[in-house]
Each structure stands twice: as C-alpha cells, then as structure tokens.
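The values are calculated or read from the model by the stated rules, or taken from the named source; none is laboratory data. What you see is a predicted model; the values in this text were computed from it and never measured. Cβ coordinates were reconstructed from backbone atoms using ideal geometry, including for glycine residues, and neighbour counts include every protein chain displayed. Just the protein is used for accessible areas: all its heavy atoms, side chains included, with ligands, DNA and RNA removed. Shrake-Rupley method; radii C 1.70, N 1.55, O 1.52, S 1.80 Å.
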Amino acid sequence: MNSEEEHFSVGEVARQFGITVRTLHHWEELGLVSPSARSRSNYRIYTRADLETIQQIMIYRATGMRLTAVKDVLNSGTDHIAHLRRQREILTSQMQQTEEMLRA
C-alpha cells in the first residue's frame, strides 16, 4: 500500500457514511467490501478506493437492492450505470403500482 495514500479506520468510515461498524464487518463477511490493509494490531484500514466501493453499496441499497444483488453487480465488472437505470425502472414501476393501490 502506498505510504502517501490516505487511510481510514473502521470507525472513521462508519461515521463518515452514517452506518455502524457492525454493518461494515457484515459487508466484509459477505464479500462486498474488504479493507485494503490491516494495521500491526490487526485493525481494518480502508483507502479511498474502499470508500468508493462503500459508497456504491450505499447507493444500491438506497434503491432497494438486496445485498446478494449488490455483490453480483460489484463483481460483474459491467457498467454500474446500467444497473442503476434498471433499478430505477423497477422503483418507478413499484411507485406506479403503489399510486394505483392508493387511488383504489
């Protein structure tokens, strides 16, 4: 790891994204995101690239994607914008169905 690169602890990352440390640990267990390094004391160390992955996870989760689907998207190597557009289509359809139920 580049010594000039910015590093973040698990607590710093959790605070920055408004999530819990346990959430980050859970995502790591599921293989969604892994810290780029560990300290000598075995603490997780995240980089800017790791934070970008976490931000992507947060965006996908905000659209209602299940974690297993998020993992598939992240590992697919395909265009993330296309997946977000598809998720938008699903949400728009759900919104229309909900509006129809409310009108009924």
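Summary of values
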quantity	calculated
In region 18-68, the residues that are touching a Lys or Arg at 6+ places or on another chain (Cβ under 6 Å) and of a type in the set (A, V, I, L, M, F, W, C)	L32
Some residue of region 33-56 being assigned to a loop (DSSP other than H, G, I, E, B) and aromatic (F, W, Y)	yes
Index of the failed condition, L67 passing every other in (1) farther than 23 Å from T92 by Cβ; (2) surrounded by 11 or more Cβ atoms within 10 Å (Cβ to Cβ); (3) modelled with pLDDT of 90 or more	(1)
Residues (assigned to a loop (DSSP other than H, G, I, E, B) and not aliphatic (A, V, I, L, M)) located in region 1-32	N2, S3, E4, E5, E6, H7, G18, T20, G31
Hits in region 31-54 - residues which are open to solvent by 70 Å² or more (accessible area, probe 1.4 Å) and either touching a Cys at 6+ places or on another chain (Cβ under 6 Å) or not small (G, A, S) (or both)	R38, R40, N42, Y43, R48, E52
Residue within region 96-104 that is surrounded by 11 or more Cβ atoms within 10 Å (Cβ to Cβ) and not hydroxyl-bearing (S, T, Y) present	no
Answer from D72, D79 - the residue that is surrounded by 11 or more Cβ atoms within 10 Å (Cβ to Cβ) and of a type in the set (D, E, K, R)	D72
Residue count, region 34-82 (criterion: within 15 Å of G11 (Cα to Cα) and of a type in the set (V, I, T))	3
Count of residues meeting criterion [under 12 Å from the mean Cα position of the chain (by Cα) and basic (K, R)] in region 53-104	3
Any pair with Cβ under 8 angstrom, 6 or more apart, that starts in region 72-96 at a residue that is within 15 Å of Q56 (Cβ to Cβ) and ends at one that is open to solvent by 70 Å² or more (accessible area, probe 1.4 Å) and among the β-branched types (V, I, T)	L84/I59
Residue pairs meeting the criteria (Cβ under 7 Å; at least 6 apart or on separate chains; first closer than 23 Å to N75 by Cα, in region 12-35; second of a type in the set (S, T, N, Q) and open to solvent by less than 70 Å² (accessible area, probe 1.4 Å))	E28/S34; V33/T53
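Listed here are the residues, each with its yes/no results for (1) touching a Gly at 6+ places or on another chain (Cβ under 9 Å); (2) not hydroxyl-bearing (S, T, Y).
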| residue | (1), (2) |
| --- | --- |
| Q55 | no, yes |
| M65 | no, yes |
| H83 | no, yes |
| E89 | no, yes |
| Q94 | yes, yes |
| T98 | no, no |
| L102 | no, yes |
